[in-house]
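Visitor: First, the structure itself, so that you have it in front of you.
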Amino acid sequence: GESSDMSMCAIASYDLEASRSFLNNLLTRALQDCIQDGSIPQAAESFFPPWDIRISRRPDLAHVCTTAVMQGANLYARHHRLTPECRTWSEAIIGKLQSYHALTEAQQAVQVSIAGNGFVNFTFVDSNLQNPTTLPSMKSTTRARPRVPAPQSCGNALSSAEIEGLKHQMSGALDRALQDSLQQGLLPPQAADFFPPWEMRRPKRAEMAHVSTVAVMQAANAFAKAQGVASRSRTWSEIMLSRLQTYNLKTQQGEAIHATVAGNGFVNFTVAGRGLDNPPHNGQNPIAVQTFSIESIGTLESFFVEKHGTPRQGSYASLARARMSLRPDIHVSALEGLEEFSHVWLVFIFHSNNSNGFRPRIQPPRLGGRKMGVFATRSPHRINPLGLSLVKLDRIEGRTLHFSGVDLIDGTPIVDIKPYHPADCEPNYVIPEWLQAIPVVAIKVVFTNEATQQLREFVPRLKFFANFEEIKSAIEQSLEQDPRSLHTKSKHECGIYGFAIDRLNVIYRMTDSGELEVVRVEMRDSHGPRLRSSEWLAGINAEEGSLAQEVLYSSDQDSDM
């Protein structure tokens, strides 16, 4: 139990009661900050129970924990008839806690992690755990989503005039639902400024509904972009849906109107008993879907901090490094024999995928805007967010594996490791023309004198490199494939870009001669604005003149050499 002698022995090196008070204050502050930036609805505050900091039942994983965030999310969802967002809310709280860098009265740092469906775990650095090994990765569960059958067609389709009347009526209902959601604190007060006209339309899949709107999804995305937070488009749509369902919607003829949410936040409306186009066969029967539970075996510590700057293939960045410690409850003998292989496959979870729904067709970077079926690509937007990556196994030290040639970001959950086998290479492969037609060309990368000097100074403080030439080459490899997406290019009118690797922010630009030039290297500041966020861009625009002078001065100096 929680009060076992073993547990008490594991926490003997810190004051439990003082820690409870300390963590209660931190959690209260984090909740208020999450409500303020919209990552947790304002109305949710009343559903949070006391924090109830308790000794962890897994003393090898953490010292203390709380389930209050998970309980609050469940109570809020039950009250508003929504899908609980336990893990999402816990991740939002943890993000705030990690940004505080708070220390206890004993000057101990606190490591925060998430487990299960939203347990928030705390570990006091320098205090002994029952099993004093590297903290394990968070266990996460991935389940395939059940399919919802499409509405049946019953004939007697709506006329054009009836469709127009339904559009007008549902626009009014949505206006009312938005006002109610704002008044009840279900949506952030400032959200109203981001809603476009409702623009009711016939859905592309005409068998799914009579009319539909994407305005809620657009508003949620615009709000998230402005606030620098993750989009909650599906949640916003479900909040609106919960209001609509209380109105007992009916047509002027008294026919019931059913509202549903699909995909990332489409709000659909269907008149009961009226026909839909192209009904699916056997639509009345739900599709049987098998579900499976997956646990991570460890969490990757990677040279790449974020998606921007991470290569699309690990072979493009042979110097990129990462490491992973096997979960403490997995016996180290599971690694026996693996050291004899030079390369391994890592099976992982796309844990930072912001998509809330499955996209059957996506736009690969090489197709210039053309769409392709998701199963013909390696897009992260999949029914099950599983990925596969081939990496070089450099060495194994105890239960820690060291890799290079990685294309995965820091914090990626690893669910399996498989050794590379010659049979994995099929000599008679065939690939489509669109992959053959565009050769991979490396862009020349150069450093200004100032950036070179800054990088030299920071080498002793890096996590994965202790050699200047190696970290410089690793940055060059990251930039050679031009990490800028079309969206990034349109967003950065100043022509200055940035990405995070190891413990650094690398600021660069595209020169008139077509080279990518690193103009500044700086240590990452967890309290500063997020790279490429609206706040960061505003700061770059404000100092654009001085930065341009730095670049010009450095270029003049280079030409004199």
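The values are calculated or read from the model by the stated rules, or taken from the named source; none is laboratory data. Given the structure is predicted, the values throughout are model-derived calculations rather than measurements. Here Cβ is always computed from backbone atoms with ideal geometry, including for glycine, and neighbour counts include all displayed protein chains. These accessible areas exclude ligands, DNA and RNA; they are computed on the full protein's heavy atoms, side chains included. Shrake-Rupley method; radii C 1.70, N 1.55, O 1.52, S 1.80 Å.
Visitor: For region 67-90, how many residues meet the condition of being crowded, with 20+ Cβ neighbours inside 10 Å and among the charged types (D, E, K, R)?
Guide: 2
Visitor: Same structure, new question: In region 1-110, which helices (runs of 4 or more DSSP H) lie fully inside it and hold 2 or more residues that are modelled with pLDDT of 85 or more and in contact with a strand residue (DSSP E or B) (Cβ under 9 Å, 6 or more places away or on another chain)? Walk me through how you get there before you give the answer.
Guide: On the way: elements: 5-10, 16-37, 68-80, 86-100.
The qualifying helices (runs of 4 or more DSSP H) are 16-37, 68-80, 86-100.
Visitor: Now a separate question. Which one is modelled with the lowest pLDDT, of the residues in region 243-261 that are buried (at least 20 other Cβ atoms within 10 Å of the Cβ) and more than 22 Å from Ala161 (Cα to Cα)?
Guide: Per the stated criteria, the residue is Val261.
Visitor: Answer yes or no as to whether Ser325 is of a type outside the set (A, V, I, L, M), modelled with pLDDT of 90 or more and surrounded by 14 or more Cβ atoms within 10 Å (Cβ to Cβ).
Guide: Yes: the conditions hold for Ser325.
Visitor: Go through region 384-400 and give me each residue that's open to solvent by less than 30 Å² (accessible area, probe 1.4 Å), among the aliphatic types (A, V, I, L, M) and within 25 Å of the chain's Cα centre (by Cα).
Guide: Correct list: Val391 only.
Visitor: Right, here's the next one. Is it true that Lys418 is buried (at least 17 other Cβ atoms within 10 Å of the Cβ), at pLDDT 90 or above and over 24 Å from the mean Cα position of the chain (by Cα)?
Guide: Taking the combined requirement at face value, the residue does not satisfy it.
Visitor: List pairs: first in region 322-349 and hydroxyl-bearing (Ser, Thr, Tyr), second open to solvent by 70 Å² or more (accessible area, probe 1.4 Å), Cβ under 7 Å, 6+ apart or cross-chain?
Guide: Pairs that qualify, where the first residue is hydroxyl-bearing (Ser, Thr, Tyr) and the partner is open to solvent by 70 Å² or more (accessible area, probe 1.4 Å), are Ser325/Thr134; Ser342/Lys392.
Visitor: Would you confirm, using the coordinates I've provided, whether Gly368 is at positive phi, of a type in the set (Gly, Ala, Ser), at pLDDT below 85 and out of contact with any Asp or Glu (no Cβ under 8 Å at 6 or more places or on another chain)? Break it down into steps so the answer makes sense when it comes.
Guide: Details: at positive phi: yes; of a type in the set (Gly, Ala, Ser): yes; at pLDDT below 85: yes; out of contact with any Asp or Glu (no Cβ under 8 Å at 6 or more places or on another chain): yes.
Yes: the conditions hold for Gly368.
Visitor: I need the full set of residues from region 318-346 which are charged (D, E, K, R) and assigned to a strand (DSSP E or B), in order please.
Guide: Hits for region 318-346 are Arg321, Arg323.
Visitor: Here is a follow-up. Which condition breaks for Ala191 when tested against (1) more than 17 Å from Phe266 (Cα to Cα); (2) among the hydrophobic types (A, V, I, L, M, F, W, C); (3) touching a Ser or Thr at 6+ places or on another chain (Cβ under 8 Å); (4) at pLDDT 80 or above?
Guide: Of the numbered conditions (1) more than 17 Å from Phe266 (Cα to Cα); (2) among the hydrophobic types (A, V, I, L, M, F, W, C); (3) touching a Ser or Thr at 6+ places or on another chain (Cβ under 8 Å); (4) at pLDDT 80 or above, the odd one out for Ala191 is (3).
Visitor: Spot the failing condition for Ile443; the list is (1) farther than 30 Å from Asp512 by Cβ; (2) open to solvent by 30 Å² or more (accessible area, probe 1.4 Å); (3) under 31 Å from the mean Cα position of the chain (by Cα); (4) of a type outside the set (Asp, Glu), and only one is missed.
Guide: Condition (1) is where Ile443 drops out.
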